[in-house]
Amino acid sequence: MMGKAKGRATSAGIFLLGISLVYAQGEHPPVARTDDLKHSVFGPPRPAIWEFQLSRMAEDDERVTTFNFYRKDQRNKTLFFKLSDNELNNRNELRVKEVTGGAVLFPLDDDDRYQGDIGGTYDRMKDTSLAEKTFYTRITVRPDPRLWLRAGYEVFDGFTPGGRTVPYNGLSSSAIYGAAKGTLELFSLMAVVGQGREDGAARLRYGAGGIVELPWNTFALAGYIASEDRAENVRTLAIGRWAPFRPDGLPGAVVVWKHRDRYDFQLGGIFYGGNNVFVRPAAIGMTQGMFISSMALRENSELRQGQLMSITDYYRNADFTFFYVYMQQGIEMIPGRINHVGFRAVQVFKLFSGTQALFFSKPVIGAFYNEETEPVFVVPQRTFVDERSTYWSFQLGATVQDVFIVNTIVAPDRTQWRVALSYVYQ
């Protein structure tokens with residue numbers, strides 16, 4: 001039972017991570033034309049939106065309470081915070097009390113072209129005195145519309161599950177990297193170099209990739225990152241179509257595939273109708289972020305994207321949204337035998353953006369298919385076998401008096417539900 005609970009939580013966490021990459025890297029919705037170089041990347045200033053969310057989740061005999069908030073303007077989320085009790089952390093999937101926060105800064109005269117990101121997480125494992133810490137910072141410079149530069153540093157100090165005699169093993173890891181992208185007409189060339197370190201063992205990583213813009217707002221990306229540890233070599237492929245700033249009646253879409261030894265990750269999405277923000281900056285930024293993220297630490301994935309909400313706001317980005325996510329990782333449970341842990345998930349949202357009745361508006365419905373795989377020990381055979389389970393979950397939500405947003409997600413086949421109440425201030 002404990003293994004299944006961990007598997008479900010791991011799948012949910014990685015699933016949300018995959019979805020959140022769709023709007024990663026700070027590249028966002030339509031940018032108005034402006035001669036003001038200070039606001040030449042994200043467009044002229046717009047009033048900030050603040051959203052505060054309180055949520056409660058139940059799964060079997062576990063209860064999780066979380067408080068989140070973020071600040072969002074034309075540059076997307078520039079301040080975000082999360083306080084949670086009994087949450088699952090991002091490394092060993094153990095229950096923790098967690099504080100997470102981050103900010104996106106523009107310290108040089110509020111100029112879009114010079115950006116700094118900073119954030120961190122502190123969590124304490126429940127029923128222990130053990131604490132884990134993560135930190136990340138990065139600097140992004142856009143001196144010219146055709147040139148993009150970034151340098152980042154990340155560190156993690158925490159634990160992984162141990163055995164009977166030593167329940168937890170200490171782990172320290174870090175990553176430092178630089179990335180650059182140059183654009184010439186319809187082709188962009190990317191290059192990355194950095195070093196990953198885990199418990200004192202350092203590995204050089206380097207790679208290159210390219211993005212080509214094709215007819216009818218379509219694009220393709222291919223990239224490869226090599227490491228001194230060949231098991232870390234990873235390739236990234238993507239193809240998609242972004243929506244024009246002026247809707248043309250066609251959907252935006254994307255498919256991404258990442259592969260390395262014993263690991264596959266696939267992400268697909270379709271975005272259609274009003275409110276569709278999967279425009280060119282979001283599409284290029286998302287796929288570019290998928291490529292560069294292989295240089296960074298997964299413990300900071302949510303922080304890098306500013307995505308900490310318990311029930312996310314992705315469905316607000318189009319009237320119809322479809323997501324497909326698949327992950328499978330091979331693990332050696334017994335010497336010489338590879339088992340697998342992973343999941344397959346499909347999410348469909350329908351936002352009725354023009355609907356209003358009494359105090360309610362913009363209702364949303366969602367249906368999610370979830371498939372999970374994890375190793376299970378079979379006593380008669382004295383070995384591990386891959387076990388697959390499936391279940392459905394459903395979301396229902398609405399905006400109340402234009403300032404409150406209520407959402408709930410229920411899995412009827414499991415003792416699992418989540419409720420979130422948001423207050424939006426502008």
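Listed from fewest to most Cβ neighbours within 10 Å, the set W50, W242 follows the order W50, W242. The Cα center of the stretch 144-215 and the Cα center of the stretch 347-413 differ in position by 31 Å. The number of Lys pairs in the stretch 2-425 with C-alpha atoms less than 13 Å apart, excluding pairs fewer than 8 positions apart on the same chain, is 4.
As a rough footprinting exposure proxy, the listed residues H39, H259, H340 were ranked by other beta carbons within 10 Å of their own, and the order from fewest upward is H259, H340, H39.
For the chain, take N as its residue count and report Rg(C-alpha) divided by 2.2 N^0.38 Å.
Details: Rg = 21.4 Å, N = 426, 2.2 N^0.38 = 22.0 Å.
Output field value: 0.97.
None of the figures in this text is laboratory data; all of them are computed from the coordinates on show. Computed from a predicted structure; not experimentally measured. Cβ sites come from the backbone with ideal geometry, for glycine too, and all protein chains shown count toward neighbours.
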